[in-house]
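Report on the structure given below.
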Amino acid sequence: MKRLLITLFTLAVLLHPSTSLSQQYSEKQKRILRKEITEACRHAWNGYKTYAAGFDALRPVSKSGHNWYSVSLLMTPVDAFDTFVLLGMDKEAGEAETFVLSGLNFDLDMEVQVFEVNIRLIGGLISAYELTGNRRFGELAADLGRRLLPAFSSPTGMPFRFVNLRTGAVRDPENNPAEIGTCLLEFGKLTAITGDSLFYRTAKLAAMEVFRRRSDLDLIGTIIDVNTGKWLNRECQTGARLDSYFEYLCKAWLLFGDAECLEAWRTHHKAIMKYMLTETKNGSFFTRVDMLSGKETRSWYGALDAFYAGLTALSGDTATAARIQKGNFHMWTAFNIEPEVFNFRTDSIIHPGYPLRPENLESCFYLLRTTGDHRYMSMGDRMIRDIMKFTRTESGFASVKDVRDYSLSDSMESFFLAETLKYAWLIFAPESRLSLDDGVFNTEAHFFRKESKPLR
Ligand code: DMJ
């Protein structure tokens, strides 16, 4: 009997999901991992410099450069600069700085997507300004911010998706909460830097116009017409098109002490927990629901949703965050590398790509910081090793076209340098290197220092 009990106990320990994640990392192991991640970062940058210098991004399979629009906005150097500074890669930081300060000019008769240039360029320039004190970075950020303001000229104050940098002409009123609400942090910082309150007022009004249109269940939809204020798609989810709207409400409180944003964040978060959080044997996932009825539309979850575990931890609920992260890790390990979207009830893949996204590692970082539990280092270790093993090419790192066969596609998004490698490195770095008491990361992992005076 005693032997049977011991065998059962041993089996239970071995099968417990945390067993393989119970490793404690020594200082030496962490140092080695940081070194490997720094080397990966250097490899990606060398590829960019050799094959795509001056372009927005590297095409790592064809070894060429790619621009988003007709003229390069130097997405990769701007996005990567603060990662190089954080990782102590001084030579690379100097090179990225030279690209940016000698090549960046926003006076272009060219249409850009407000959301993307805001999080990557204004975000990158603000953190560069705060890190170096070089006013030129701040001036570039403010110049781009002013050129984005005409996008908010809709009858509701919510922005159009595209704006011409020189003429202010706008296009595409069918916008989504993430692209509408994800200016709060950058525009708040621009208000602090320039003293012009218009930036934060504009971004805040836009975010609050989304909040005002929440359903009786405190949920929102996926697409809204910024001219009429009417929802065009009523599906609520935590991933694409909604993710950073929720993130910025919470972080505008942390960064600027904006109590209205805190209230909005709490309202949505409560509803998300009530109607969307779904427990399974593999961990917790957020399902998609109709904003009016709260009824499930599709049990789809993916790489972008994974950030919400970190946000939940950051906002203080580490127990729920741990269950969501268990689901995130399942998503990673069940399919070799996480797919863009899968059905968490049937464990089947909906969209099979992995474009080098950071969110799963990002959540490991926040859970590690908030709980101190080394299982999140083990998770991060597994993920970054898979990334290095399966996505490395001769000239950089490539997105995975299909996680089932590890086939690659010809793209290395700038967020790989801005976010993925930064969060990976931070997981193994001493807390003293960057304290979450001092500020918050924008949604592209650019660190903004906390403001002493509240904004509203
Ligand atoms: C990044 O540009 C940002 O993190 C954004 O909020 C979501 N998508 C990518 C990374 O996956």
*Given the pairs K189/K251; K91/K450; K189/K422; K204/K450; K230/K453; K270/K422, which span a C-alpha to C-alpha distance of over 24 angstrom in this model?*
K91/K450; K230/K453; K270/K422
*Fewest-first sequence of L121, L101 by Cβ atoms within 10 Å of each Cβ*: L101, L121
*asked:* Can you give me the long-range amide H partners of S153? Hydrogens built in the peptide plane at 1.01 Å from N, cutoff under 5 Å, separation of 5 or more residues or another chain.
replied: F160
_Which of rounded, prolate or oblate describes region 362-417 when judged by the alpha-carbon gyration tensor and an a/c cut-off of 1.5?_
prolate
*When a/c is below 1.5 the answer is rounded, else prolate if a/b is larger than b/c, else oblate, so apply that to region 306-439 with a ≥ b ≥ c taken from the square roots of the Cα gyration tensor eigenvalues.*
oblate
*Amide H to amide H, which residues 5 or more places from L74 or on other chains are under 5 Å from it, using H placed in the peptide plane?*
D56
_Residue-by-residue Karplus 3J(HN,Hα) for region 204-214, coefficients 6.51, -1.76, 1.60, Hz, glycine and proline x_ = 5, 4, 4, 5, 5, 5, 5, 4, 4, 9, 5
*Among D56, D218, which comes first, then next, by fewest other beta-carbon atoms within 10 Å?*
D218, D56
*For the modelled label position 7 Å from the Cα of R42 along Cα-to-Cβ, which residues of region 406-449 have backbone nitrogen atoms closer than 19 Å?*
417-418, 421-426, 428-429
*Taking the simple approach of a point 7 Å from Cα along Cα-to-Cβ for both D405 and S432, what is their distance in nm?*
5.1
*Tell me, what ³J(HN,Hα) does each residue in region 380-392 have, in order and in whole Hz, if you take phi through Karplus 6.51 cos²θ - 1.76 cosθ + 1.60 with θ = phi - 60° and put x for Gly and Pro?*
x, 4, 4, 5, 5, 5, 4, 4, 5, 6, 9, 10, 6
*Cβ charges +1 (Lys, Arg) and -1 (Asp, Glu), total dipole of the chain, debye*: 1080
*Using 11 Å as the cut-off for backbone N distance, which residues of region 112-156 belong to the label zone defined by a point 7 Å from the Cα of E451 along Cα→Cβ?*
none
*asked:* To make sure I understand, if each residue's beta carbon is the centre and we count other beta carbons within 10 Å, what order do V85, V400 fall in, fewest to most?
replied: V85, V400
*Any chance you could check the Cα centroid distance between region 194-231 and region 168-188 for me, in angstrom?*
9
*How would you classify the chain from its alpha-carbon gyration tensor, with a ≥ b ≥ c the square roots of the eigenvalues: rounded for a/c under 1.5, else prolate if a/b is greater than b/c, otherwise oblate?*
oblate
*Across region 444-456, in residue order, what do the Karplus-derived ³J(HN,Hα) couplings come to in whole Hz, using 6.51 cos²θ - 1.76 cosθ + 1.60 with θ = phi - 60° and x for Gly and Pro?*
9, 6, 8, 7, 10, 6, 4, 8, 7, 9, x, 10, 8
*By how many nm would the segment from N343 to N227 grow when fully extended, if each residue of separation counts as 0.36 nm and the alpha-carbon distance is taken off?*
38.4 nm
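Any read-out appearing in this document is the output of simple, stated calculations on the displayed coordinates, not a laboratory observation. The model shown is predicted, which means the values in this text are computed figures rather than measured ones. Quick reminder, even Gly has a Cβ in these numbers, built from the backbone with ideal geometry, and neighbours come from all protein chains shown.
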